[in-house]
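For reference, the structure discussed in these notes is given below.
The values are calculated or read from the model by the stated rules, or taken from the named source; none is laboratory data. The structure displayed is predicted, hence computed values, not measured ones. All Cβ positions, glycine included, derive from the backbone under ideal geometry; neighbour counts span all protein chains shown.
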Amino acid sequence: MATIKQHVMSRRGFCLCCMAATTVAAAGDWLSPRQAFAEARNIVDLIRDDAAKTPIKVHKLRGNVSVLEGSGGNIAVLTGADGKVFIDAGIAVSRPRILEAANGLSRDPISHLINTHWHFDHTDGNQWLNAEGAAITAHENTHKHLLAAQRVDDWDFNFPSSPLPAAPAETFSSEKALKLNGSTLLLKYYGPAHTDSDLSVTIPEAEVLHCGDTYWNGIYPFIDYSTGGNIDGMIRAADANVAAASDGTIVIPGHGKPISNRAELVAYRAMLVAIRDNVGKLKQQGRSLDETIIAKPTAAFDAKWGQFLIGPAFFTRLVYEGV
C-alpha cells in the first residue's frame, strides 16, 4: 500500500473532499480517505491554513454578478442598492481578503447570503457574514445539518454543530424566489445529489446559473453519501442544470474553473453517465471494489477529469458505492 509523500494544496476552489480524495502511487495503489487522514494532521486545519494565505481572484460576469475564487467553493456576489448578496460563504479565515474583494465591487453593505449546501467549504464563513448583516437562506436540510454534529465518513471527520448565528434563518423545501438589487434569484432544490441539501441559484436577468457542488468544472466530483448524496442524484442534478441553461447562460460551478457554460455542463453529464454505467456493469458482474478499480472504468475520461486530487480510483470508489 502506498504512503502519503506530501499534501498538495490547490489554489483553485480547494475543498475538504480534495485532501481526502486520492493518493495514487506510481504502481497504481491508492490510500483510502481513512488512511490518508491517519497520516495527516487535522484536515480542517490544513484547509484553513491554505485559505488564510490564498488570494481571492475576482471574475466579473454581467448584471452586477461576480465570482470570488480562492476560499472553498466559488462564491458569487450580486451587488446593488439592496446590499451585496453572497452565494456561498467560503472559509472563515479568508474574511479579510473576501471583504477586500467584495468592497472592490461595491461599498454597499452585505445584506444576504445563500448557501448552496451545508459543507464546510461553503458555510464556514456564515457566522462572520451574518455579523456583517447577512440574512442567511438555504434549504431546510442545510439548516438541519449545521445545527447538529455531522460525520462525513469519506473524510473520516466529525463536524460539531455550528453556532446559531451561522445557521440559515430562512429555509425552504422546494423552491423560493428572492427579489433583490433589481434581479430575481430563483432557488431550487435538486433533491439528493452531492448531499441531500443542494440547491441551484438562477439569476435570469443576468443569465447566470450557480450550480453549487452538483457541478465540478473539469474535475471529478465528490459525492457525500454520509449526508444523502448519490451518483444517480448527481446525474439528475446535471440533467436539471443542462435543462436550465441556454447557450448564453454563464454557469458557475461549485469547484473548478469558476466560469463555465452549457456545453461544458453537457460534457460533465455525459462523463457521469458513462462512468456510472461502466462501474455498474462491473459490479453486476460480481467484481469487487478493488477489481473494479483495476479494470479502470474511468480510463476514457481520466486525462480531462482525473487531474485533480479526486483521482480515478477514488471517484470509481464513490460511484461503486452508489450503483
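Could you list, in sequence order, the residues of the range 150-171 that are hydrophobic (A, V, I, L, M, F, W, C), more than 18 Å from Asn230 (Cα to Cα) and buried (at least 17 other Cβ atoms within 10 Å of the Cβ)? Those that are hydrophobic (A, V, I, L, M, F, W, C), more than 18 Å from Asn230 (Cα to Cα) and buried (at least 17 other Cβ atoms within 10 Å of the Cβ): Phe157, Phe159, Ala166, Ala167. Check the range 238-248 and report whether any residue there is buried (at least 24 other Cβ atoms within 10 Å of the Cβ), touching an Asp or Glu at 6+ places or on another chain (Cβ under 7 Å) and either assigned to a helix (DSSP H, G or I) or not hydroxyl-bearing (Ser, Thr, Tyr) (or both). Scanning the range 238-248, I find no residue that is buried (at least 24 other Cβ atoms within 10 Å of the Cβ), touching an Asp or Glu at 6+ places or on another chain (Cβ under 7 Å) and either assigned to a helix (DSSP H, G or I) or not hydroxyl-bearing (Ser, Thr, Tyr) (or both), so the answer is no. Residues that are polar (S, T, N, Q), within 20 Å of His255 (Cβ to Cβ) and crowded, with 17+ Cβ neighbours inside 10 Å: does the range 125-138 have at least one? Yes, the range 125-138 contains a residue that is polar (S, T, N, Q), within 20 Å of His255 (Cβ to Cβ) and crowded, with 17+ Cβ neighbours inside 10 Å. The criterion of at least 3 residues that are over 20 Å from the mean Cα position of the chain (by Cα) and surrounded by 17 or more Cβ atoms within 10 Å (Cβ to Cβ) is met, among helices (runs of 4 or more DSSP H) falling completely within the range 252-323, by 262-284.
Looking across Ile219, Ile223, Ile235, one residue alone is aliphatic (A, V, I, L, M), in a loop (DSSP other than H, G, I, E, B) and over 23 Å from Phe159 (Cβ atoms). It is Ile219. Exactly one residue out of Ala89, Ala81 is part of a loop (DSSP other than H, G, I, E, B), buried (at least 24 other Cβ atoms within 10 Å of the Cβ) and on the phi < 0 side of the Ramachandran plot, and it is Ala89.
Cβ-Cβ distances below 8 Å connect the following pairs, each with a first residue in the range 184-197 that is of a type in the set (A, V, I, L, M), a second residue that is part of a loop (DSSP other than H, G, I, E, B), and a separation of six or more residues or different chains: Leu186/Pro204; Ala193/Gly229; Ala193/Asn230. Residue count for the range 201-229 under the criterion of being buried (at least 22 other Cβ atoms within 10 Å of the Cβ) and of a type outside the set (A, V, I, L, M, F, W, C): the result is 10. Within the range 157-202, no residue satisfies the criterion of being of a type in the set (A, V, I, L, M), over 20 Å from Ala131 (Cβ atoms), outside any loop (DSSP other than H, G, I, E, B) and out of contact with any strand residue (DSSP E or B) (no Cβ under 6 Å at 6 or more places or on another chain).
Just one of the listed residues (Asn64, Asn74, Asn126, Asn103) is within 20 Å of Lys179 (Cβ to Cβ), polar (S, T, N, Q) and at pLDDT 95 or above, namely Asn64. Report whether or not Lys257 is farther than 17 Å from Thr202 by Cα, in contact (Cβ under 8 Å) with a residue 24 or more places away in the chain and touching a Gly at 6+ places or on another chain (Cβ under 7 Å). When the stated conditions are applied, Lys257 passes them.
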